[in-house]
Amino acid sequence: MLTLRELNRALLARQLLLERRKLGVQQAVERVCAIQAQWPQSPYLGLWTRLAGFRKEQLTRALEQHLVVKTQLFRITLHITSARDYPYFFAVWGRSARDRTPGVTKDKLEELTERVRAVALERPVTQAEVEELAAAEMKGMRWRTRTLTPLVHLPPGGTWSHYGRSQLRAMEAVLGVELASPDDGAERLVRSYLAAFGPATQEDILRFAGVRVGDVRPGLERVELRRFRDERGRTLLDIPRAPLPDGDTPAPVRFLPKWDSSLLAYAPPERTRILPEKYRSIVIAKNGDVVPTVLVDGFVAATWDIGTKRDLTITPLRRLTKEERAAIDDEGERLVEFFRS
């Protein structure tokens, strides 16, 4: 049986939040499974808070070299993943999301997929162009065109200050690889998710990726699993030899960006392993927006914001000790320096 603090420390260790590590960008992204990229700065901040000596140009260069890619992925939201993982992740997620398009036959979805893929193989396209190619047949659900075929955002899309329209290109043209099989994709997803967020329930995996039980079943059958229980008696899945630190392991102050996956990787109410329930509605809005947060002793204890003049504002969610506030201020100064660099 694992306590809440033990699960918290396991998450922090696997998300590289107990100590900053010296890793390359691609290796770091693989370690944490995927990084939310809805807000352009989020991936940069997510790596800064996890890696020793991280500089903005490291992620920009990794994007330009296609070592990592920005794409539409889990839960039909923007993520940055390793180029080595993406063909596997899309193989399981894309098919699941596409096939659940209501009112469109499987044959029609296959036809639309090939239509979009053919154009994106020839040249870069915008999301608006993709929608025009297929939205009418998809019953006007324009956003679901994002599930048809794997499309990679071309730089400067995904970089620190890029807010404009992105150019997209077929994964095969950018990475020179084909999609993995759905079963191989399910295995990679289960293994990567548990390595980054476990121990966790099967429902947590489904919620994180936005897939169905049948989509991940081959992965659950292939991956060697160990099992635990939490304090509520639920079965938790994990992979062998993954870190399980003691619950009293010291946890430093860490600043998390908007939509950090550490807060979103679990089905409610399991988010309490890092986000106390009494703060959930403050941190996660009804529309799904997630504000930047500060971890103190491993748990969300404050939110943060930085203005256009790079003035950092800390909003405590609980009473902070002098020592905690001093640690937040010290880390906050480093955050401001990173923004200004």
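The values are calculated or read from the model by the stated rules, or taken from the named source; none is laboratory data. These numbers were taken from a predicted model, which means no experiment stands behind them. With ideal geometry, Cβ positions are generated from the backbone for all residues, glycine too; neighbour counts draw on all protein chains shown. Accessible surface is based on the protein model in full, side chains and every heavy atom, while ligands, DNA and RNA are left aside. Shrake-Rupley method; radii C 1.70, N 1.55, O 1.52, S 1.80 Å.
In this structure, is L168 in contact with a helix residue (DSSP H, G or I) (Cβ under 9 Å, 6 or more places away or on another chain), aliphatic (A, V, I, L, M) and either more than 26 Å from K56 (Cα to Cα) or open to solvent by 20 Å² or more (accessible area, probe 1.4 Å) (or both)? Considered against the rule, which asks whether it is in contact with a helix residue (DSSP H, G or I) (Cβ under 9 Å, 6 or more places away or on another chain), aliphatic (A, V, I, L, M) and either more than 26 Å from K56 (Cα to Cα) or open to solvent by 20 Å² or more (accessible area, probe 1.4 Å) (or both), L168 comes out as no.
Take the residues in segment 297-316 that are open to solvent by 50 Å² or more (accessible area, probe 1.4 Å) and not β-branched (V, I, T), then tell me which one is nearest to the chain's Cα centre (by Cα). Steps first, please.
Pass one, segment 297-316, residues open to solvent by 50 Å² or more (accessible area, probe 1.4 Å): 297, 305, 308-313, 315-316.
Then keep just the ones that are not β-branched (V, I, T); that gives 297, 305, 309-312, 316.
Working: D297: 22, D305: 21, K309: 28, R310: 26, D311: 27, L312: 25, P316: 25 Å.
Checked segment 297-316; the qualifying residue nearest to the chain's Cα centre (by Cα) is D305.
Of all residues in segment 54-94, those being outside any loop (DSSP other than H, G, I, E, B), basic (K, R) and within 13 Å of V29 (Cα to Cα) number 1.
Picking from R319, R334, which residue would you name as being part of a loop (DSSP other than H, G, I, E, B) and more than 21 Å from the chain's Cα centre (by Cα)? Let's see the steps before the verdict.
On the way: R334 fails: part of a loop (DSSP other than H, G, I, E, B).
Matching residue, one of R319, R334: R319.
Table: residues versus (1) farther than 26 Å from F54 by Cα; (2) touching a strand residue (DSSP E or B) at 6+ places or on another chain (Cβ under 8 Å).
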{"position": "A267", "(1), (2)": "yes, no"}
{"position": "T272", "(1), (2)": "yes, no"}
{"position": "I282", "(1), (2)": "yes, yes"}
{"position": "D297", "(1), (2)": "no, no"}
{"position": "G307", "(1), (2)": "no, yes"}
{"position": "T313", "(1), (2)": "no, yes"}
{"position": "P316", "(1), (2)": "yes, yes"}
{"position": "K322", "(1), (2)": "yes, no"}
{"position": "E337", "(1), (2)": "no, no"}
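Taking first residues from segment 104-129 that are open to solvent by 50 Å² or more (accessible area, probe 1.4 Å) and partners that are of a type in the set (D, E) and assigned to a helix (DSSP H, G or I), the Cβ contacts under 7 Å between residues at least 6 apart in sequence or on separate chains come to K106/D99; L121/E172.
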